[in-house]
1. If r is the Cβ-Cβ distance from residue 326 to residue 106 and R0 is 51 Å, what FRET efficiency results, to the nearest 0.05?
2. Label points 7 Å out from Cα along the Cβ direction at residue 245 and residue 64: separation in nm?
3. Using a simple charge model, +1 on the beta-carbon of Lys and Arg, -1 on the beta-carbon of Asp and Glu, nothing else, what dipole does the range 234-352 show about its Cα centre, in debye to the nearest 20?
4. Per-residue HN-Hα couplings for the range 53-59, Karplus 6.51 cos²θ - 1.76 cosθ + 1.60 at θ = phi - 60°, whole Hz, x for Gly and Pro?
5. Compute the orientation-averaged projected area for the range 234-352 from the convex hull of its Cα atoms and round it to one decimal in nm².
6. Dipole of the chain (Lys/Arg Cβ +1, Asp/Glu Cβ -1, origin at the Cα centre): which of 296, 337, 102 lies farthest to the positive side?
7. How much of the DSSP beta bridge set in the range 234-352 is antiparallel, as a percent to the nearest 5?
8. Determine the equivalent ellipsoid of the chain by diagonalising the alpha-carbon gyration tensor, then write out the semi-axes as square roots of 5 times the eigenvalues, largest first, rounded to whole Å.
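Readers should treat all values here as calculations from the given coordinates under stated rules, not as data from a laboratory. For clarity, every value in this text was computed on a predicted model and none was experimentally measured. A quick note on method: Cβ atoms are made from the backbone with ideal geometry, for glycine too, and the neighbour counts reach across all protein chains shown.
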Amino acid sequence: MPEKNPEIANELLRWYDSNARDLPWRAAPHSNSANPYHVWLSEIMLQQTTVAAVKPYFAKFTEQWPDIAALAAAKEEDVLAAWAGLGYYARARNLVKCARQIMAEHDGVFPSTEQALRTLPGIGDYTAAAIAAIAFGQRAVVVDANVERVVARLYCVDEPLPNARKAIRSLTDGITPQSRSGDFAQAMMDLGSSVCWAREAQCAICPLQPYCQAGQADMALRYPVKKPKKAKPVRQGSAYWIEKQGAIWLVKRRDDAMLGGMRALPDNGWRARNDGDISPPLNGPWSDIGDPVIHHFTHFTIHLQLKAYQGSVESMEAVIGQNSGEWWPVETLEAAGLPTLFAKAAKIGQQQLGRLL
Ligand code: SF4
C-alpha cells in the first residue's frame, strides 16, 4: 500500500474548481448543497449509461416527477414507459420501490449515511457512497469505472479487473480527503471522462501527471488490466406483429421475465439461456418482415425476427380476445414506451408494413 499523499487530492480539487463539468444534477464546487433526489436519480440513470444519453431522461423525469413524493405516487407502468430506451429496466422498478420506501419509512427524506442508504432498493455500495459524499458531504470512498481507470493508472495496478476491485478501492480510500470528498469523487469522474480516457490518456495536460506511475512511464493504456472477455452467446427469437385497423396488439411482459412489466410485441419466449420455442399467439400464416433485429444485452446477443400475421381478421379476433393485452395505434407506437429491442422491431413493422397492409 503506497503512503497516503494528500497532494493528489489537493491538486485534483484545484483542477476541479476551474474544470468541473456543468451537469443538470450537479451543485457547483464547494457548495455542498446538491439535491439528494437529483443525485440519486442521476446516479441510478448513469449506471451503464453515458452522460449524453442520461441528460434528456433526467430532464423528463424531474419535470414529470419533481421530487421523491411525486415519484413515489407515480404508477410503475408510467415510470417504466418514461424509462424506455435507457435499458436495464430493473433500475426503473427499483426507483419506484425506493421512492415509496423513503416516503413510508423515512418521512420522505433521504437518509444521509452510506449504511442507511444501502438498505434501500436499487442502492448498492457505489450509489450509497456517491449519495453520501455528493449530497451530504460525508467522507465516502466512491469508485465508478472512471475512478477505477484513473487509480489503476496512478498506481500501475497489475492485477486484472474485476479481481483488482478490492485493491483499487483501498488505494482510492488512501487518496480520498476528509473534507470535500463529494467534490473529490466528482473530480475523479470528470478527470476520467475528459482527460484520462480509456483509449487515450492526455497525460501532458493532466493535473495528476506528477503523481502518476503509468503516466510517468508512458504506459497508461496498459491499465486497467482486464481479464479477456468470453464470447457472448447468440439467441434466436421472434416477435409478432398483429395489426387490425391501424392498431397493433401489445402485451405486458411478465414481471419475472427479462424487461418485466414493460409493454412489448408478443414473442416466442426467447431468454438469455434459450432460443424462442413457444408457438406464435395465433395459427399462421406468418411472414418474415425485414432482417432480424440484432440487439446486445449484457450477457447475450439476440437476433429477433419480426413476423407479421397474414390471416383473417375473424380468426385473429377469436384468439386475441382471450388474451390480455391492448390494441395500440401504429401511428403513436413511440408513445407506448417499448424497450429498445421491441422499439427497433416495431420501427421495421411501421416502415415496411405501412406499405404492405
Ligand atoms: Fe491518466 Fe495520464 Fe493523468 Fe495518469 S497522468 S491519471 S494516465 S491522464
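1. 0.90
2. Between residue 245 and residue 64, the simple spin-label model gives 2.9 nm.
3. Roughly 320 debye for the range 234-352.
4. Residue by residue, the range 53-59 yields 6, 6, 3, x, 5, 4, 5 Hz.
5. Details: hull surface 27.6 nm².
Result: 6.9 nm².
6. With unit charges placed on the Cβ atoms, the residue in question is 296.
7. Working: 17 of 25 bridges.
Here the share of antiparallel DSSP bridges comes out near 70 percent.
8. Details: eigenvalues 406, 118, 55 Å².
Taking √(5λ) for each Cα gyration eigenvalue gives 45, 24, 17 Å.
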